[in-house]
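Written below as structure tokens is the structure these notes are about.
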Amino acid sequence: MGSLRHRVRAAALQALFELDQTTHDLDSVVARISDDEMFSAEGRDFFARIVNGAWSNRQEIDDLIAKIAPSWPVHQMPGVDIAVLRIALFEILYDAAADKAPVKAVINEAVELAKHFGSDNSGRFVNGVLSTVVNKPESEE
């Protein structure tokens with residue numbers, strides 16, 4: 001499932017980036033990319049869950065990112081970085097699925113995606129934001 005989840009998260013990054021940059025319909029983007037990637041039924045379900053979840057919770061996720069990284073306004077962040085953070089923060093904070101990935105795996109995967117698709121600093125930035133969220137004491141939430 002590891003490499004499937006990697007492929008799904010990379011495709012989710014593509015979907016969220018597209019949704020953020022265009023006026024394309026969520027369901028159409030999910031269906032088209034899912035078809036293009038030829039995911040298994042399990043892959044399709046995970047892909048739809050991540051994209052729909054990250055997209056529907058994006059305002060709360062963006063507000064959290066803005067609190068953690070106030071010197072980087074969300075609307076000025078590179079599209080890849082914001083998409084990676086939305087995916088990872090959805091998985092860490094909102095995903096209630098029984099087969100949910102461990103937090104450490106989600107962070108590692110997000111950093112890898114950011115390094116691969118983002119700028120030279122994307123991996124460090126994504127790691128910093130996610131580590132801050134995960135290590136924040138409960139009383140600060």
Task: Every pair of residues 6+ apart whose Cβ atoms lie under 6 Å, when the first sits in region 53-78 and is farther than 17 Å from residue 19 by Cβ while the second is outside any loop (DSSP other than H, G, I, E, B) and at pLDDT 90 or above - done: 68/129; 68/132; 69/129
Open item on the list: Please go through region 84-141 and give me each residue that is touching a residue at least 60 places away in the same chain (Cβ under 8 Å) and touching an Asp or Glu at 6+ places or on another chain (Cβ under 7 Å), ordered by number.
Closed with: 101
Task: Qualifying position, being out of contact with any helix residue (DSSP H, G or I) (no Cβ under 6 Å at 6 or more places or on another chain) and at pLDDT below 95, among 37, 42 - done: 42
TODO: Go over the candidates 8, 30 one by one and state the one that is under 13 Å from the mean Cα position of the chain (by Cα) and at negative phi.
DONE: 8
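This table checks each residue for (1) over 15 Å from residue 10 (Cα atoms); (2) in a helix (DSSP H, G or I); (3) not aliphatic (A, V, I, L, M).
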| residue | (1), (2), (3) |
| --- | --- |
| 44 | no, yes, yes |
| 63 | yes, yes, yes |
| 67 | yes, yes, yes |
| 75 | yes, yes, yes |
| 82 | no, yes, no |
| 88 | no, yes, no |
| 96 | yes, no, no |
| 106 | no, yes, no |
| 110 | no, yes, no |
Task: Residue in region 55-71 that is surrounded by the fewest Cβ atoms within 10 Å (Cβ to Cβ), counting only those that are modelled with pLDDT of 95 or more and among the polar types (S, T, N, Q) - done: 59
Task: Matching residues in region 82-141 - criterion: being in contact with a Lys or Arg (Cβ under 7 Å, 6 or more places away or on another chain), of a type outside the set (Asp, Glu) and closer than 15 Å to residue 6 by Cα - done: 87, 101, 113
Task: Qualifying residue in region 46-54 (condition: within 12 Å of residue 12 (Cβ to Cβ), within 15 Å of the chain's Cα centre (by Cα) and among the polar types (S, T, N, Q)) - done: yes
TODO: Starting from region 16-44, keep only residues that are touching a residue at least 40 places away in the same chain (Cβ under 8 Å) and of a type in the set (Phe, Trp, Tyr), then list their pairs with residues that are part of a helix (DSSP H, G or I) and crowded, with 16+ Cβ neighbours inside 10 Å whose Cβ atoms are within a distance under 8 Å, requiring at least 6 positions of separation or different chains.
DONE: 17/80; 17/83
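The values are calculated or read from the model by the stated rules, or taken from the named source; none is laboratory data. Predicted, not measured: the structure shown is a model, and the values here were computed from it. Cβ: placed from backbone, ideal geometry, glycine included. Neighbour counts: every protein chain shown.
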